[in-house]
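Below is one structure, written out as structure tokens, with a few remarks after it.
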Amino acid sequence: GMIRIKNEKQIDGIRKSCKLLAQLFEELLPKVKEGMSTKAIDDICVEFITRYGGKPAWYQEGFPGAACISVNEEVIHGLPSKKRILKEGDIVSLDIGINLDGYISDATRSVGIGKMSAEALHLMETTKHCLSAGIEACIAGNRIRDISTAVAAVAQREGFGIVTDFCGHGVGLDVHEDPSIPNKPHPGANPRIQSGMVLAIEPMINLGSGDVELLSDQWTIVTADRKLSSHEEHTVAVFPDHTEILTII
């Protein structure tokens, strides 16, 4: 497919969207508590995004929420629900995108509710390390597979499963753009990373196997073995001499 190289004006617009998203996470994460419904979390996101003149980016994908809220064995695309009440020990992945003046930001943070098991903490910590390693490999002149290799090395060293059915991707002018960024080396297309690329890097790491299934709601992706999953994601912009993480304050 066509990889869209962004100009300075476009990167400025995407950066603004990403900074707004980072600000949303700053406000939201301290509020995510035991006893709260995932719908209540989504309501906070919708209110914040619209207050600052943005639109929840997932609406344009047909998703019924501003945040994909995936708990425990849910990997991605968890539907906000009044019935889903957070409890102590839960891993909650919050995947949020903002469309601000046509520019798309995309990031995910996974948080633990209250006292967490050692294995849940280890999984969450490793997933953050996977993301950091992927971003470090994402430099002009490298190839997409260098990102995949870096992510996979961290996860495999800890004995965790890597979700391969879903990938990171280009982002910024649309929610999903080329190229795909697998979290494990893959024999497919392997474009060179170049200045002007804006990429969403997003390790999805499982306690057990990397295999996943789609639930009957036609959105929620769960681990096939129903063991825990964690997800972390940043949007980054590639420049000739550095790569900038856009979705941080």
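The values are calculated or read from the model by the stated rules, or taken from the named source; none is laboratory data. If you're wondering where the values come from, they're calculated on a predicted model, not measured in any experiment. Neighbour counts are summed over all protein chains in view; Cβ atoms, including those assigned to glycine, are modelled from backbone coordinates with ideal geometry. Heavy atoms of the whole protein, side chains included, go into the accessibility calculation; ligands, DNA and RNA do not. Shrake-Rupley method; radii C 1.70, N 1.55, O 1.52, S 1.80 Å.
Quick one: grab the alpha carbon gyration tensor of the range 55-166, order the square roots of its eigenvalues as a ≥ b ≥ c, and give me rounded if a/c is under 1.5, else prolate or oblate depending on whether a/b is larger than b/c.
oblate
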Restraint check, Lys83/Lys128; Lys39/Lys87; Lys33/Lys115, Cα-Cα greater than 20 Å: Lys83/Lys128
field: Overall form of the range 15-65 per C-alpha gyration tensor (a/c, 1.5; a/b vs b/c)
entry: oblate
- request: State, to one decimal in nm, how far the label point of Lys87 lies from the label point of Asp101, with both points 7 Å from Cα in the Cβ direction.
  value: 4.6 nm
- prompt: Hey, any idea what % of the range 3-105's accessible area is carbon plus sulfur with a 1.4 Å probe?
  reply: 51 percent
statement: Hull surface over four for the Cα convex hull of the range 1-123, reported in nm², is 8.7 nm²
Per DSSP, loop GluC sites (Glu not before Pro) in the range 86-195 with at most 12 further Cβ within 10 Å: Glu88
message: Please enumerate, by chain and number, the lysines with C-alpha under 29 Å from the C-alpha of Lys9, excluding those fewer than 8 residues away in the same chain.
response: Lys19, Lys55
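Sort the range 122-249 into rounded, prolate or oblate with this rule: let a ≥ b ≥ c be the square roots of the eigenvalues of the Cα gyration tensor; rounded if a/c is under 1.5, and if a/c is not under 1.5, prolate when a/b is larger than b/c, oblate otherwise. Before the final figure, lay out the partial values.
Working: a/c = 1.83, a/b = 1.54, b/c = 1.19.
Prolate is the answer for the range 122-249, as a/c is 1.5 or above and a/b outweighs b/c.
Compute, for the range 46-183, the length of the dipole vector about the Cα centre, with Cβ point charges of +1 (Lys, Arg) and -1 (Asp, Glu) only. Units Debye, rounded to 20. Walk me through the numbers on the way to the answer.
Working: 12 positive and 18 negative charges, 73 e Å.
Here the range 46-183 has a charge dipole of around 340 debye.
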- line: Met2 and Glu119 label points (each 7 Å along its Cα→Cβ direction) are spaced in nm at 4.8 nm
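How big, in percent, is the set of alpha carbon pairs in the chain lying more than 29 Å apart? Can you show the working numbers first?
Working: 7214 of 30876 pairs.
Beyond 29 Å sits 23 percent of the P(r) for the chain.
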field: Whole-angstrom gap from the range 186-203 to the range 69-134, using each part's C-alpha centre
entry: 23 Å
- prompt: Over the range 56-109, one equal point on each Cα, no solvent: what is log10 I(q)/I(0) by the Debye formula at q = 0.20, 0.23 Å⁻¹?
  reply: -0.70, -0.87
- request: Enumerate by residue number the trypsin sites (Lys or Arg not before Pro) in the range 19-93 meeting two conditions: DSSP loop (anything except H, G, I, E, B), and at most 13 other Cβ atoms within 10 Å of the site's Cβ.
  value: Lys33, Lys82, Lys83, Lys87
